[in-house]
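Structure first, commentary second.
The values are calculated or read from the model by the stated rules, or taken from the named source; none is laboratory data. What you see is a predicted model, and the numbers here were worked out from it, not measured in a lab. Virtual Cβ from ideal backbone geometry, glycine too; neighbours counted across all protein chains shown.
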Amino acid sequence: MTIFRQHVFALALVLPLAVAACAPVYRNHGYIPPQDALSQVVIGQTSRTDLEGLIGQPSAQGLLVGSSMYYVGSRWEYYGAREPREVERQVIAIRFAENGTVSNVESFGLERGRVVVLSQRVTDPGIEGATLIRQLLGNIGRVQAGDLLSDM
């Protein structure tokens, strides 16, 4: 009977460890500012220096100096021997006007592997950022054959 008790005791010790090893472990990476801090950002009034004081340093900045700031946060699931899997991602993109004030605040998420816009606060710049060539090429797909034939 003592050998049976030893096996039961060993199983009682190993079984909880085996079950605990099968539980997923989640890790958070990056930084996303809290919503109450983001609500203090005023489009057209908040400057870059004010922004860093309100919500902190960004994860990344745009290629052009003064163009954009990006706050990226993600949540990864680690499950046993499987490869880690990203289960949640959020990106806050803050764009600046030429005068250095905030012109747009956007929030993106990750759903089924696709980036989706969660929220957007923007002032409409019209065609200010588009070049002449971009404006001309943007109209190519809008012309229909009936429009060309009706003029003849």
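Worth a mention:
- Close Cβ contacts (under 6 Å, 6 or more residues apart or on different chains) running from residues in the stretch 33-46 that are assigned to a helix (DSSP H, G or I) to residues that are modelled with pLDDT under 90 comprise A37/L54; A37/I55.
- Condition met for I92 (touching a Ser or Thr at 6+ places or on another chain (Cβ under 7 Å) and at pLDDT 85 or above): yes
- Odd one out for R82, checked against (1) surrounded by 10 or more Cβ atoms within 10 Å (Cβ to Cβ); (2) at pLDDT 70 or above: (1)
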